[in-house]
Structure formats: structure tokens, C-alpha cells
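Scroll down for the structure; my scribbles are underneath it.
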Amino acid sequence: MDFDLDARRVRLSVGELADFTLGPREPAGGPSGAWRAQLGIHWHRELRAQATAADPAAAFEVAIEGEVIHRGWILSLSGRIDQLVRSDGAVTLREIKTVTRALPASVADLRAQYPSYFAQAAAYVDLLGRPSASDPAARPAAEVVFVEADTGLAQAVPLIAADEAVYRGQIARVAEFLDLRLRARDRLRKLRFRPPFAELRPGQESARADLETALRHPPGKVLLEAPTGFGKTGVLLELALGELRSGRFERVLYLTGKSTGQIQVNRTLAEMTRPDDSSGRGPDGGETGVAVWVVRPKSEHCVNSVFHCLRESCRYLDGMEERWPQSGLARFYLTENHPRDLATIRAAGLEACICPYEITRAALPCNDVWIGDYNYVFAPANNGLFYDQPGFSPAQTLLLIDEAHNLPTRVADAHSHSLTSEQAQAVLTALCHTHAPASLVTAWDEWTQLLAHLEPTGALEGTDRADIQNLLSDLAERIGTLPVDHAALGPRVSGLLWQMPFIAAQWEDSVLPRLEWSPRRGTLALTCLDAAAAIGGRLREFGGVVLATATPGPLDAFAAALGLDGSELEDPGDTPPAIAASRLGDLTKSETRRLSVQVTRGVDLLRQQEARGAPLSPVVAFTPWRDGAYDMAFDLRVDTTFQQRTRHYGTTAATLVSLAAGTGERRFRGPVAVFFSSYAYAEAIIGALEASGAGLRPALQPRLSDLGAQAAWLEESLETADALFLVLGSSFAESIDVLGGRVERAMVVGPALPEVNAVQQARLTALSGLGRAAAFRRIYQIPGMQKVNQALGRLVRAPGHKARVLLHCRRFAEADYMRLLAADYQSGPVLRTDEEFEAWVRAPLG
Ligand code: SF4
């Protein structure tokens, strides 16, 4: 659907018109979609041959188009009728539909179950049968021909006047939707909103203007590099609301990787658009309304006793289409400012006996800002919720992506699968218990045996690979065609079964590089090595994109990981701020900072990129309050590589004791934050500390997934411990913001290079064309140093925060690694001896 609100014109296919609804609808495609499509083609061919035999002049796939006017809207419709046949001079249109239900069926049942098929046929009659001057009465007859998928049995149902009414009803629905969009647009034109900050911090005043400038220049893909604490959520939302008000975009998608980020975005947005008083008017007396929907996962919407989305298992799903019109749930999109928190949505769904997720699905098209997870755009299994929405046009949408450095990994994960023999055995047992068809049980038994005997390997060999592929595609076909009692199988087994057709399709069709391997006996892993092509394809669809992160790393690698060719760009991380190890200490921190700002201020850099036709325009946040906030030192006394680290455990422990003791001249706030590459490393140093008898009280981060529990541990440890032992890359190092201003000393015990395993080696091989050093940088050094930058960024989050940081490994001073540090961390003395270290520790913090 493609509409122009000013011209009051919409272009859509006849199929889209017939299926149009803002209420619940059957998901398209699905695991059996491909199989049904194949069968559909087969039966279409059969019926075509029959029609040709009866009428040699019969025409097929006849293009039909025309316009319909309704309440001032012009609907431009187009489509293809399956058959146009003549008999005794009369024309009959036939729309052919393959169905999985048994035929023949009562005509009333067919009309009730498939109203859109009749609406489609009625639309063709209307478009083709307009009275002409020569034959004002000419109007073709039409019929819907149902074909039973399994047998090919056909049942023709002639069109009646009631079908015309269904078609007219669909036109009215589309017009009503367009009225809603027009109302939303008029509301947005008058939108008034507050600035996100009561007081601007230095640097914030220019950020929005820089972003706007960058967004207006082709290709409209912007990287916003802003440190933690800059207030990028507020800046992005100010940009987004301004763009909506100006009409440059009709919708904004704000994607995050974590639910905490979504809550923060929603809260900031609510504050920026909160009415001033009881009049309900916004700041300056303007309209407040921007319609925002936070999309939570389907499982969180669920009100059924078990999360199993089958009509047979869930009364909230079964028959919901019939209950929807009388449910009153349309209030969620018809009434502006209707509460839309998850508790309200769930309660409303419960009361109306309709799955609450359908409320979200129905309401989305009428909302201006959609807040949700990356998956709703980038994961094949989830993106239907957004992409199947009527009127959703990526070209008219501004896409904001928070913490964008996480996107490549998340999308690769969405294209990866792990299958175990234990899971397969559970499915086999359930198939037997539920008396599934024998041929499926036999095929699944073979699959289970294959997995059980799969030995660990870094890459599947030819025969194993071929066997797996054959079995996968055989299973996929059987699962799509054979009757299986999914309700009896239960949600877990049913889910394991249904994933097979998707995996088989990805195995055969995916253009993404993939490793097929076995990390342990009985496990098959299909790991996506690089999702850049999938990400880039999606990003290019959008009219505007802002990718926000504190730690993009080198621009060329960042753009490449996102599928945006940035190889020709000058890399601000690789040029002036990069100082050879021999020059460490020669440049002052402010000189380093100035050098960086000089090159990376948004507008200047934008001009450079524009001149080169670059695919990504960087805007770097200006944060003068961070100048001099970090007191860095490079500790060359130790080597933390896996092979050498044990030799230095004693030095690392002693260093920590000295750092924790501090200068005596100034009381540092909080314990020392110590960042390790792994739990094992942290535990080894705890052992060395205990052996030293120094009496230091370390607190090692627990393996907790609950955010509340993590925060509670941190609060307690900040009060009671001398050193917080944190693992780089974990949520303690990357997501928890309370360290800023409460911890003033930190030590990073080596870069956190990814573990060497079959996947990383395969990625390295895939990039071998770049040369070994460049490939190693991309696969190991950049991710490893990104975790260091991420952790250090959280220590200074506001003006006045300071941090003394020891980079404890000789590698940090090597040019390859140091260049990958953020500019704020690149300057500091090199410590080669214990004396130099002690002198640095005792120096007052500026
Ligand atoms: S359809 Fe909705 S209510 Fe039913 S199981 Fe699925 S999520 Fe739960």
C-alpha cells in the first residue's frame, strides 16, 4: 500500500484491499507456506488445462486495474484475475484458491471462512464490469474456485450480491484507515514538545543540528558517536519529533537491544510531550499528541495458561476474528491517549477473550513511534509484525538504532541455530506418544540417530554435510504436509518441530556466510559468520537511519559490519589520534583531544564524506566536559596473553593492592573497578591475592541474569568491597551506569579478545582476502578493544566525574591496539618499572 495523503490517493493491489484489516489476521506464510505455494501452482496449471479445453480463447492471469472513489479518497487498484472464460458470449471471471480444509463444504462455511477471496473476485468484477457506452449492462459473472490442496478436488462458488457488500466494506475500511492517518498527520503538524534537557550540557546544543544536517544529505545514513552520559536518547528523540512535525518522515522506529533501553526511551518521550496543565495542551499551547507504542515480546502479552499459539490450545486465539468487531478493542487505536501499557493491554485482551498481542498488532499502524527490539526489523522470524503492517513504508520511516555496535552480533545470532540430540530425542518420544504419521517418525528417528553420532568438528565434512542437508529438507517437507497434533505435542516440542522448515530453507537459500560445525558430541551448530548483507539490505530500505553508539570502533570496520561499504572512508580512529608507542607521554591529553575533535566534528567530517559519496555520515558528539577526566597509564610490566599471564599473577595482584591503597593525599570514591577478559582470569587473581595475604576484599560479579539482582549486588559491593572484579563484555561492564562518579579508579587486565574457536577461525578465513593482519584486527582486536572502550566509558558520565585508569598489559601500548582505544584513553605515561608505577599511583589526581 502506497498513499499520498495530500492528494488523497492510495495505490494498492486487489489482494491487499481484500485482506485489509486493522484487527487480527492469520499470519502469512509460515513453515507450510512454501509447500502450499507449490501445490497452488500445480493445481492452477491443472485447472488452466481444463479451462483451455473448454474454451480455447480462455485468458489467464489477466491484468485488471482501475480506480474507485470513496469519501473523497481515490483508490487505485490493480491485480490479475486467474481465469477469464467465455461461454455463449457471457464472460466469467474465476479466482482460484487452494485450501487445506476438506471439500466440498457448505457455501455458507466457505463464505464465512474466506471472505477476502470473495471480496477479491467482487473487486475484479467491479473494475472490469464498469458500464460502457456501447453496452451499459455488461457485467461479467464471477466465481471463486476452491481447490483442496491434498486431492485437487475443486468446488466453484458463484458470486452473489452479498460479496459485493464485503468488497465495499473493505473499501470503507481502507478509507477509514486513511482518515486516521490524515488525522495523525495533522496532529503531528501542530506537535509541540519540550527540549529533553532542562539545562544543556556543553556540546549538546549543536548535536541535533548536526544530526539534521547529516540526515538531509544523501544517503541519509548517519552514525552518531556519543559517549555514555551524553544524553543521546534525548537528542535522538528531539530529532525524531522534529522530523515527524516537519512531515519529512511519517513514522519513527526506535530500536534497542535491551528492554531497559526501551523503558528509558518511552519515559523520555512521555516527559518531552507531557501536557502543561489540565487543558491537555502541550508546551506553548500546541498539541501534545505523538502516538507511541512500545512493542514487548509476544510471550509477555500472553494470558493463556501455556504460551502455545495454536487455535486448538488457546481460546484467546481461536475465533478471535469473529469476536474482534464487538470487542471494543479498536479503542486502542481510535482513542488518542488511550492507556497502552502492557498491564492494560493484557487486561483488555483477557476481558474480550482475544490474544493481547493482536491488540498491539492492530494498534501499530495508527502509531507514530514504534519502540522495540532489533528483531522486529532484522530477524526473519519476527519482522513480520512491522513489515506486514498496512501503510508501513520504510522509505517514509526514520530508523533510530541504539547501541548500534551490538547490531551485527544480534543479527548474526538471529540467523544461527543449534540443534542437539537431546532435543531430537524429546521430539521423537513425543511424536511416538501422539501417534504421529509413521513416515515422519521414521525420518525423525533417523535425524535423532544422526545427531547422536555427530562427533565434534570445526567444520562438517562433505558426506556428513550432504546427509544432514538431505534429511533436513526431507523433514521440512514432511512437517509441512503431514498431519501432526501440535496441541498434544506441547509448545516446546512443537516449536522444535516447526523450526525445521525454517532451518532447511535457510540452509538452502541463505546468502549469508555460514559455518556448519559441531562444538560437542551430539550438537549441530549452524552459525552465521557475517550478517552484513542482511543488515545492509534492510538499512538501505529506510528513508533515514541514525545508528547511535559510544563505541563504533574504526569507521571502515563498523560500516562493513553493517553491510554499508565504508572502505573508502577516512578513518578518524586510524589517523591523527593514533600515536606511536614511542611518543606516549609527548602529547598532552588536551592536545590529543583537540586533534580528535578537529578531525571528527560532525559537520566538517560530513563535508569530507559528502565529497566522497560516502554511505555513512558520522556525527561525533562534542563533550568538552570529558577533557582531562581520564588519567590514563599504560602498564608495560605485564603480558596478559593466555600463554604468558600466569607468570604475572603476582604482579597483577600486587598492582591491584597498590592501586586500591591510593595516594593518601586524596580519598578516591568507591572501590577499584577491575575488568578481566574472563571469570577464570578473575578467579586466578583472587587466588593470588589470597596467597599474598594483603587483606584486600575483592567482590567478583555473580553470574546473574536478573537486572534487579545485578544492581543489588553492585550497590552492596560498592559499599563493602575494596575491588569490584568485573568481566569485560558482560552487562556489569556494559550496561550498568551506576559506576560513573562512584568509582574513580579502574584497572583493565588486558584486552578482551574473543575466544579462539572454530567460528572465529572461520571468520578469519572468510576475511583472508584482506591480509592476515587486517583480518585479525577485524575479528579479534576490534571486538576486544570495543569491550574495553565500553567499560571505561561508563566511568565518566557527567561533568565533574574523574577516573584514574591503569591499562595493565604491554599490548595496550602497541600501535595496533592503542589505535583502537577511544581518543580519551590514548594518552598517558608508559610504566615500565615498579618504580614508575608507584610514582604514577602516588601522583595526585588532577
Ligand atoms: S495466542 Fe496469545 S494468548 Fe494465546 S498462547 Fe499465543 S500469546 Fe498466549
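The values are calculated or read from the model by the stated rules, or taken from the named source; none is laboratory data. Just so you know, these numbers come straight off a predicted model, no measurement behind them. So basically every Cβ, Gly included, is an ideal-geometry build from the backbone, and we count neighbours across all protein chains shown. Remember, those area values only see protein heavy atoms, side chains included, never the ligands or the DNA or RNA. Shrake-Rupley method; radii C 1.70, N 1.55, O 1.52, S 1.80 Å.
Summary of computed values
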| quantity | calculated |
| --- | --- |
| Sites GLU67 and ASP341 - FRET efficiency at Förster radius 45 Å, r taken between beta-carbons, to 0.05 | 0.60 |
| Approximate spin-label separation HIS217-ALA57, in nm, with each point projected 7 Å along Cα-to-Cβ | 6.4 |
| Interchain or long-range residues, amide H under 5 Å from ARG9's placed H | ASP4, ILE74 |
| Relative contact order of the range 282-391, defined on C-alpha pairs under 8 angstrom at six or more residues apart (%) | 34 |
| Mean-position separation - Cα centroids, the range 772-806 and the range 442-472, in angstrom | 41 |
| Cβ-derived FRET efficiency at R0 56 Å, THR442 paired with GLN264, nearest 0.05 | 0.60 |
| Surface accessible to a 1.4 Å probe, per residue, for the residues of the range 135-208, Å² | 48 |
| Share of carbon and sulfur in the accessible heavy-atom surface of the chain [1.4 Å probe, %] | 51 |
| For the chain: relative contact order, % (alpha-carbon pairs under 8 angstrom, 6 or more apart) | 12 |
| Förster radius 45 Å - calculated FRET efficiency between GLN644 and ARG667 (Cβ-Cβ, nearest 0.05) | 0.80 |
| THR640, THR92, THR151, THR429, ranked by accessible area, largest first (probe 1.4 Å) | THR151, THR429, THR92, THR640 |
| Average accessible area per residue (Å²) across the range 658-758 - probe 1.4 Å, nucleic acids and ligands excluded | 41 |
| Solvent exposure of the range 426-535 as accessible area per residue, Å², 1.4 Å probe | 45 |
| Convex hull (Cα only) mean projected area of the chain, reported in nm² to one decimal | 41.4 |
| Cα lying deepest toward the dipole's positive end in the chain, options LEU350, LEU215, GLY231, charges on Cβ | GLY231 |
| Area accessible to solvent at TYR333, 1.4 Å probe radius, in Å² | 40 |
| With all protein chains modelled, accessible area of VAL441 [1.4 Å, Å²] | 30 |
| Value in Å of the Kirkwood radius, where the range 419-567 supplies the Cα pairs that are averaged | 17.6 |
| Magnitude of the charge dipole, the chain, Cβ model with Lys/Arg +1 and Asp/Glu -1, debye to 20 | 1780 |
| Computed [θ] at 222 nm, helices only, for the chain once each DSSP H run of length n ≥ 4 contributes -39500 (n - 2.57) | -13000 deg cm²/dmol |
| Average Cα contact separation per residue, the range 706-846, under 8 Å, 6 or more apart, as relative contact order % | 29 |
| Debye log10 I(q)/I(0) at q = 0.18 Å⁻¹ for the range 498-565, Cα point scatterers | -0.84 |
| Inter-label distance, nm, simple model (7 Å from Cα along the C-beta direction), ALA654/ARG45 | 8.1 |
